[in-house]
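Note sheet for the following structure.
The values are calculated or read from the model by the stated rules, or taken from the named source; none is laboratory data. Since this is a predicted model, take the numbers as computed values, not measurements. Backbone-built Cβ (ideal geometry, glycine too); neighbour counts: all protein chains shown. Note: areas computed on protein heavy atoms with side chains; ligands, DNA, RNA excluded. Shrake-Rupley method; radii C 1.70, N 1.55, O 1.52, S 1.80 Å.
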Amino acid sequence: MFDLILDFFIKNKLYNDLKKENVSKILLEDADSICSYDVFPFHYLKIETSHYYSQSLLPRYTIKFKMTEEDVNQLISVFNPIFEKHSHKNYSVDISELDGFSNSKSPLNELRSIDEFVEKYCPSYVQIICVEQLKKMLNHYEIRIIHSPKTTSDNFLIYGWNDKLFLSNSGGSHHLAAAQYIAARLKEPIKLNAQIIFHTINQAKLNLFNEKYVAFIIPRNGLLKLLDQFDRSGLKFIKFIENNKNFEIYFFEKNNTNKIIISIFRQKYSSLFDILSNRLLAQNNNSKLKKIIDTSDSNNF
């Protein structure tokens, strides 16, 4: 009986302290730039068994609170399949369809369009708008999808929840950007071919996850002072951490024991399911993704 009373008081104190926490909701939004890394990579949230550490200097790791290996593996089996990765070996786009790059000597994250990129960081490349200058830009050896297509790892990249099409590149951003700039003004179609990789959210898997679990986005170290209370409460959950991000994620199973804690978290923090559902709407309206999927289906990617 004493243990039950103690358990009640420990949990009740935790709930009351949680209610007093002042928080700002984190939404995991994209930044508006021509850098592929500014699209939020939801697929990085997959939980890996190698990330089970109580304390770690790794960039990504998971802390288990009273959850057994079986508990966590069950969560993984439901959560990880939400995020899918597909590829199509030979995808064709016009140069005008490119929205950005993954790498450049210039600060891609500060730029909102490829035109701005060219005009700010390589204006000399487009001083003359002519077919000869267009050919010169396209002939640059670092545009590997043109000059070394069989050996390059450069590829097109799109995230289903964002309609920007990127070139994941190891060089050549200035020259290819300038080629796009010139081609647009000459109204010259330029065909580019490369492997395309596309990441998507699976709606059925997301719904299955929502039937069994709930996850909340918490400010990084936002509940650090309450972790001892969490531990003593006996509540079962896991905390996913990315050290270089401003957030961490708490996963709870939907059951009677967790009803109160889930209710408190729902009032104070952003639901990962709600965020992913909104991104799924964007994915369903992504015309560029639809074109890619239609092409991939017809070619049995």
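Values for this structure:
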{"read-out": "Within the range 76-120, tally of residues that are open to solvent by 20 Å² or more (accessible area, probe 1.4 Å) and in a strand (DSSP E or B)", "value": "8"}
{"read-out": "Lone qualifier among 164, 205 - being closer than 15 Å to residue 34 by Cα, among the basic types (Lys, Arg), under 18 Å from the mean Cα position of the chain (by Cα) and open to solvent by 10 Å² or more (accessible area, probe 1.4 Å)", "value": "164"}
{"read-out": "For residue 21: the one exception among (1) closer than 22 Å to residue 261 by Cα; (2) at pLDDT 90 or above", "value": "(2)"}
{"read-out": "Residues located in the range 148-170, provided they are part of a loop (DSSP other than H, G, I, E, B) and either at positive phi or of a type in the set (S, T, N, Q) (or both)", "value": "148, 151, 152, 153, 162, 169, 170"}
{"read-out": "Pair list, Cβ under 9 Å, 6 or more apart: the range 63-90 residue under 30 Å from residue 191 (Cβ atoms), other residue aromatic (Phe, Trp, Tyr) and part of a loop (DSSP other than H, G, I, E, B)", "value": "86/301; 87/301; 88/301; 89/301"}
{"read-out": "Matching option when the condition is farther than 23 Å from residue 292 by Cα, free of Cβ contacts under 8 Å to residues at least 60 places away in the same chain and either open to solvent by 10 Å² or more (accessible area, probe 1.4 Å) or in contact with a helix residue (DSSP H, G or I) (Cβ under 6 Å, 6 or more places away or on another chain) (or both), among 150, 187", "value": "187"}
{"read-out": "Complete set of residues in the range 231-290 that are over 25 Å from the mean Cα position of the chain (by Cα) and buried (at least 16 other Cβ atoms within 10 Å of the Cβ)", "value": "233, 235, 236, 258, 261, 264"}
{"read-out": "Count - residues of the range 105-115 that are within 19 Å of residue 95 (Cα to Cα) and either without any contact (Cβ under 8 Å) to a residue 40 or more places away in the chain or touching a Ser or Thr at 6+ places or on another chain (Cβ under 7 Å) (or both)", "value": "3"}
{"read-out": "Matching entry among 150, 136 (being at pLDDT below 95, among the charged types (D, E, K, R) and farther than 24 Å from residue 280 by Cβ)", "value": "150"}
{"read-out": "All helices (runs of 4 or more DSSP H) inside the range 179-294 with 2 or more residues being under 22 Å from residue 40 (Cβ atoms)", "value": "203-212, 259-268, 272-284"}
